[in-house]
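So the structure is just underneath, and the comments pick up after that.
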Amino acid sequence: MDLTRRDALVHLATLLGATVVGPRLAAAPIGSMQAHGFSAEEIALLDEIGDTIIPDTDVPGARAVGIGEFLAMMIADCYEPAEQQRLRAGIADIAARYKQRYGGSFVGGPSADRTALLNELDREQREHHAALPPDGDPHYFRILKELTILGYFSSEIGATQALRYLEVPGRYEPDVPYTRGDRAWFN
Amino acid sequence: MSAQTYDAIVVGSGISGGWAAKELTERGLRVLLLERGRNVEHIKDYPNALKGPWEIPHRGRVPIALREKHPVLRRDYVLNEVNYDWWAHEDQHPYIEIKPFDWFRGYHVGGRSLTWGRQSYRWSDIDFEANAREGIAVDWPIRYKDIAPWYDHVERFAGISGSLERLEQLPDGEFLPPMPLNVAEQHVADGIRKAFNDQRRMIPGRVANLSRPHNGRSGCQYRNKCSAGCPWGAYFSTQSATLPAAMATGRLTLRPHSIVTRLLYDRDRKRATGVEVLDAETRQTVEFAARVVFLCASALNSTWILMNSATDVWPDGLGSSSGELGHNVMDHHFRVGATGRIEGFDDRIVFGRRPTGFYIPRFRNVHGDRREYLRGFGYQGSASRLGWAREVAELGVGEPLKEELREPGPWTIGMTGFGEILPYHENRIRLDRTVTDAWGLPVLAMDCEIRENEQKMRQDMMNDAAEMLEAAGCRDVQTTNTGYNFGRGIHEMGTARMGRDPKTSVLNAFNQVWDAPNVFVTDGACMTSASCVNPSLTYMALTARAAAYAVEELRRGNL
């Protein structure tokens, strides 16, 4: 289908290009670098956070789908101002904690260090949610993780490469053998 | 008068109106089909039908700005970025909630036929006889034998996929092959059948999606994106099915942007002479004349038109002489059931995205079962393997998480009951002339609630679901109850009920208004009780039956 081919080409170009940005950011004037109220530095940090949660493997990771800008858009559009503030404070805290512990920048830091820090935050959010009262605020890292997973697996790379996706399956089979390691279908 | 004249006027172009237009034109009448909203052309106006998930901006989440704009639509899935324009926006089309009422409407050509759930079930005599047997409301003026040939008729044309089950409470129909249960559902179905001695049965959902090509329409492509519109025309809608059939006769005129404000009524002849239309774009008033009028504007809006008509004769409108116009509002209450996990099928998966699930027909208060409430409920649900959105806490972040989420998760199953709501006289709508919509027209005020009978039923709907899943060997079975507002089922019924006596009903056995026999109301407004099955197929059958009768009566000179 033309639509699919066109998008595949767009993404192929994205993959081959030196700078990986989502289409909306690409359309913004270079230099101003304000996307959804986030600075270029914040977007870069979000890209690195996303790519630490879903890294490059045999298929591209979250950075390749423009996760930084996706996270910025979702935070700006789908969260109340107070929640946005908590999320942005949390994002800044990730960079600050990293700097304190490893003495450098989270962006561009060794993957093992970034992963170790985010795994620690993931344990924190799980403990936070295990004891969360019904009206309690969710942990910012849980939201970042969920949004990263959403943005990645519903992207074209995520749906068609990390998973399997057919726009037009054409038939229904109610019982098909599955072998561990086979990719899931995007539904 | 210079009013344009037709043989028949059909008000509303949804499931019922589309059928009225088709049947009346095919039987030789020149028909004007009026739709209050804009046109939606088949295929051309389905902008999101072929989009991948990555092309939907917020990927299924709803932006705050949109939520703030839609305090009603945001209550459920109807507020979304895929078919946003196919749900009437409450800022232009307000209504009053004396008690909480979710009113999700489709104001465009095709109406909710574009967005419906497509579940299609016949009523049985257990339903048609219930009011008389239990002394509730009034008796239906028809029985299953009156409507059965019309179910055949509409099923043959619409194309309903389903299995033959020989159940008294859920009659079989003229089905295309079923869209089968998947391997895990079949396992649960077998378990339920055995545990309950075949008194409870899980069957493939009966659905207006084509399991093979039918009447010139393509078979289902198993994309499960019906609610964005189907470019293959593989589910029944006005656009895919009834409108092209009516157009093919050369006798149909479709007029979008036409808000019918009232029926024109000749008090001496006791007949409607036509309708008054407010052009939604030009705001000009136009009149159209016809020998018969079919009101198919959706249950509550057909009654709105009646309430606003012949007020010089009856202050509360045409059909109000019974004292029942606007009363006996019904819906199906739901959002209560159970979920569980199915073990033993980690080496199985499905191919394709089936646009339906399973159905468990009513088993309460039938076949000797007696409960502390009247009527019953059925279940709808499905089983599937969890996807990438599942929680895998132990894996943290990074490559192990990514690789795990690339594979399907465990099989889970969920179901919700759909329960019958009794026709309570106290559940009513009325016209409120102090509040007006964007066109200065009075709005409806909703005063409806479920009562003790429904609350008792909900206990069973929750517990029976869990009991069946456990009996079938499911693990981690949990009950669910996410609450219900009246209207949430989007199965509004009643307010102009059929009956045997003009003193207690608005319509007769052929859906004619007692006080204006050339006015037929064949959408959900006509329902005398609600059953627990999805109602649209019954509207189709009642509409086709009434249309055939109207044409006969015209020929006999009776209208």
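With the structure loaded, tell me whether A:Asp113 is surrounded by fewer than 19 Cβ atoms within 10 Å (Cβ to Cβ) and part of a helix (DSSP H, G or I) or whether it fails that test. Yes: the conditions hold for A:Asp113. Checking each residue in the range B:69-86 for being farther than 15 Å from B:Pro100 by Cα and not in a loop (DSSP other than H, G, I, E, B) picks out B:Lys69, B:Tyr84, B:Asp85, B:Trp86.
May I ask you to say which residue of B:Asp125, B:Asp102 is more than 13 Å from chain A (Cβ to nearest Cβ) and surrounded by fewer than 17 Cβ atoms within 10 Å (Cβ to Cβ)?
Sole residue among the options that is more than 13 Å from chain A (Cβ to nearest Cβ) and surrounded by fewer than 17 Cβ atoms within 10 Å (Cβ to Cβ): B:Asp125.
Just to be sure before I move on: is A:Pro134 assigned to a loop (DSSP other than H, G, I, E, B), at pLDDT below 95, surrounded by fewer than 17 Cβ atoms within 10 Å (Cβ to Cβ) and more than 7 Å from chain B (Cβ to nearest Cβ) in the structure I sent? Considered against the rule, which asks whether it is assigned to a loop (DSSP other than H, G, I, E, B), at pLDDT below 95, surrounded by fewer than 17 Cβ atoms within 10 Å (Cβ to Cβ) and more than 7 Å from chain B (Cβ to nearest Cβ), A:Pro134 comes out as yes.
Residues that are part of a loop (DSSP other than H, G, I, E, B) and either under 30 Å from A:Leu147 (Cβ atoms) or facing chain A (nearest Cβ under 10 Å) (or both) within the range B:357-400 comprise B:Gly357, B:Leu386, B:Gly387, B:Trp388, B:Ala389, B:Arg390, B:Glu391, B:Val392, B:Gly396, B:Val397, B:Gly398, listed in sequence order.
Within the range B:174-218, the set of residues being of a type in the set (Asp, Glu), closer than 21 Å to B:Glu343 by Cα and surrounded by fewer than 20 Cβ atoms within 10 Å (Cβ to Cβ) comprises B:Asp190 only.
Please find, within the range B:33-67, the residue that is farthest from A:Tyr165 (Cα to Cα) out of those that are acidic (Asp, Glu) and more than 10 Å from chain A (Cβ to nearest Cβ).
Here is the first cut: in the range B:33-67, the ones acidic (Asp, Glu) are B:35, B:41, B:45, B:55.
After this cut, where a residue has to be more than 10 Å from chain A (Cβ to nearest Cβ) as well, the list is B:35, B:41, B:45.
Numbers: B:Glu35: 38, B:Glu41: 28, B:Asp45: 24 Å.
Across the range B:33-67, the extreme among qualifying residues is B:Glu35.
Each row is one residue, and each column tells you yes or no for (1) within 25 Å of A:Val168 (Cα to Cα); (2) within 30 Å of the chain's Cα centre (by Cα); (3) charged (D, E, K, R).
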{"residue": "B:Tyr359", "(1), (2), (3)": "no, yes, no"}
{"residue": "B:Asn365", "(1), (2), (3)": "no, yes, no"}
{"residue": "B:Tyr373", "(1), (2), (3)": "no, yes, no"}
{"residue": "B:Ala383", "(1), (2), (3)": "yes, yes, no"}
{"residue": "B:Glu399", "(1), (2), (3)": "no, no, yes"}
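Restricting B:Arg385, B:Arg364 to residues that are out of contact with any His (no Cβ under 7 Å at 6 or more places or on another chain) and more than 21 Å from B:Met457 (Cβ to Cβ) narrows the list to B:Arg385. Residues in the range A:139-187 that are at the interface with chain B (Cβ under 7 Å from one of its Cβ atoms), hydrophobic (A, V, I, L, M, F, W, C) and part of a helix (DSSP H, G or I): A:Ile149, A:Leu150, A:Phe153, A:Ala159, A:Ala162.
In this structure, does A:Ile75 turn out to be modelled with pLDDT of 95 or more, within 12 Å of chain B (Cβ to nearest Cβ) and under 14 Å from A:Phe141 (Cα atoms)? Yes. Considering B:Arg545, B:Arg458, the condition of being of a type outside the set (Ser, Thr, Tyr), in a helix (DSSP H, G or I), more than 17 Å from B:Met415 (Cβ to Cβ) and within 25 Å of the chain's Cα centre (by Cα) is satisfied by B:Arg545 alone. Evaluate the following for B:Ala228: is it of a type outside the set (Lys, Arg), in contact (Cβ under 8 Å) with a residue 24 or more places away in the chain and in contact with a Leu (Cβ under 6 Å, 6 or more places away or on another chain)? The answer is no for B:Ala228.
So which residues in the range B:239-253 are surrounded by 19 or more Cβ atoms within 10 Å (Cβ to Cβ) and among the aliphatic types (A, V, I, L, M), if there are any at all? If the condition is that a residue be surrounded by 19 or more Cβ atoms within 10 Å (Cβ to Cβ) and among the aliphatic types (A, V, I, L, M), then B:Ala241, B:Leu243, B:Ala245, B:Ala246, B:Leu252 are the ones that fit.
Could you look through the range B:512-534, keep only residues that are part of a strand (DSSP E or B), out of contact with any helix residue (DSSP H, G or I) (no Cβ under 6 Å at 6 or more places or on another chain) and among the hydrophobic types (A, V, I, L, M, F, W, C), and pick out the one that is nearest to B:Gly274 (Cα to Cα)?
B:Val519
Filter the range B:501-543 for residues that are β-branched (Val, Ile, Thr) and buried (at least 24 other Cβ atoms within 10 Å of the Cβ) and give the result.
Just the residues of the range B:501-543 that are β-branched (Val, Ile, Thr), to begin with: B:504, B:506, B:513, B:519, B:521-522, B:528, B:533, B:538, B:543.
Selection gives B:Val506, B:Val513, B:Val519, B:Val521, B:Thr522, B:Thr528, B:Val533, B:Thr538, B:Thr543.
Have a look at B:Thr261, B:Thr238, B:Thr242 and point out the one that is of a type in the set (Ser, Thr, Tyr), within 28 Å of B:Thr115 (Cβ to Cβ) and either at pLDDT below 95 or in contact with a Phe, Trp or Tyr (Cβ under 7 Å, 6 or more places away or on another chain) (or both).
On the way: B:Thr261 fails: either at pLDDT below 95 or in contact with a Phe, Trp or Tyr (Cβ under 7 Å, 6 or more places away or on another chain) (or both); B:Thr238 fails: either at pLDDT below 95 or in contact with a Phe, Trp or Tyr (Cβ under 7 Å, 6 or more places away or on another chain) (or both).
Criteria check complete, one pass: B:Thr242.
If you check B:Lys99 against the conditions, is it assigned to a loop (DSSP other than H, G, I, E, B) and in contact with an Asp or Glu (Cβ under 6 Å, 6 or more places away or on another chain)? Yes.
The values are calculated or read from the model by the stated rules, or taken from the named source; none is laboratory data. Remember, it's a predicted structure, so these values are computed and weren't measured experimentally. Cβ sites come from the backbone with ideal geometry, for glycine too, and all protein chains shown count toward neighbours.
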